[in-house]
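Participant: This structure is in structure tokens; I'll ask about it shortly.
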Amino acid sequence: EISVDSAAGGGSCFRLDLPYDPKAQAPVAIEPDVSLTPTAAAGRALRVMVAQDDALHAAMLRAALEQLGHHVLQAHDGRRACELAEICEVDLVMLDTRLPMMDGPQTARAIRKLEGPTGKAPIIAVIGGDADEAAAMLEAGADQVLRQPVTGSNVARALAATLRENWGAASPRLKIAG
């Protein structure tokens, strides 16, 4: 059953009720190819900093990353992301393009200027849509672009692509499985 409650100027609430049988079993067990997951490819859980000011988008990114087995450090604006990047060593940065205080491109450039591993960490730009945003983030130092809305599968694909392109088998920090 699908239902919706809506109030003018207040937003809408959508509800989807599905039957649930705790004793039900899947007809066929499907074994995922864990060698292709970002955690397995890295040989360990990654430390990922997410800079996202929208609470819902931040929660979706965090959930997807944690479901993949990674540790998440969160910043709500570009300035805080830079502060955290200076004091925390992270393996990967995911930046929204429209952050308060410092936008995504400014934040990416500031992180790239840092000495040490975090300044060299791959950056995935999380964009709302247009090609100009993607181009600005790539020009500022982002390695990949991930379009919103995010899902577990597109986050996993972006991480896997970033691992392949940035770390490869010769990484001193990460062991690549395979």
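The values are calculated or read from the model by the stated rules, or taken from the named source; none is laboratory data. These figures come from a predicted structure and were not determined experimentally. Using ideal geometry, Cβ is built from the backbone for each residue, glycine included, and neighbour counts are taken over all protein chains shown. Quick note on the areas: whole protein, heavy atoms, side chains included, nothing else; ligands and nucleic acids left out. Shrake-Rupley method; radii C 1.70, N 1.55, O 1.52, S 1.80 Å.
Participant: Can you tell me which residues in region 86-127 are within 12 Å of the chain's Cα centre (by Cα) and among the hydrophobic types (A, V, I, L, M, F, W, C)?
Facilitator: Residues satisfying the conditions are 92, 93, 94, 95, 123, 124, 125, 126, 127.
Participant: Right, another one. Note down all Cβ pairs under 7 Å where the first residue falls in region 84-113 and is under 21 Å from residue 159 (Cα atoms), the second is among the β-branched types (Val, Ile, Thr) and in a loop (DSSP other than H, G, I, E, B), and they're at least six residues apart or on different chains.
Facilitator: As it stands, the answer is 104/97, since those pairs meet every condition given.
Participant: Return yes when residue 73 is exposed (fewer than 15 other Cβ atoms within 10 Å of the Cβ) and not in a helix (DSSP H, G or I) and no when it is not.
Facilitator: Working: exposed (fewer than 15 other Cβ atoms within 10 Å of the Cβ): no; not in a helix (DSSP H, G or I): yes.
Spelling it out, it is not the case that residue 73 is exposed (fewer than 15 other Cβ atoms within 10 Å of the Cβ) and not in a helix (DSSP H, G or I).
Participant: Still on this structure, I have one more. What residue, among those in region 119-133 that are open to solvent by less than 10 Å² (accessible area, probe 1.4 Å) and out of contact with any Gly (no Cβ under 9 Å at 6 or more places or on another chain), is farthest from residue 148 (Cα to Cα)? First the steps, then the outcome.
Facilitator: Here is the first cut: in region 119-133, the residues open to solvent by less than 10 Å² (accessible area, probe 1.4 Å) are 119, 121-127.
If we keep only those that are out of contact with any Gly (no Cβ under 9 Å at 6 or more places or on another chain) too, we end up with 119, 121-122, 124.
Working: 119: 25, 121: 22, 122: 19, 124: 12 Å.
Checked region 119-133; the qualifying residue farthest from residue 148 (Cα to Cα) is 119.
Participant: Determine whether residue 114 is in contact with a helix residue (DSSP H, G or I) (Cβ under 7 Å, 6 or more places away or on another chain), within 24 Å of residue 136 (Cβ to Cβ) and open to solvent by 10 Å² or more (accessible area, probe 1.4 Å).
Facilitator: Details: in contact with a helix residue (DSSP H, G or I) (Cβ under 7 Å, 6 or more places away or on another chain): yes; within 24 Å of residue 136 (Cβ to Cβ): yes; open to solvent by 10 Å² or more (accessible area, probe 1.4 Å): yes.
So residue 114 fits the description; yes.
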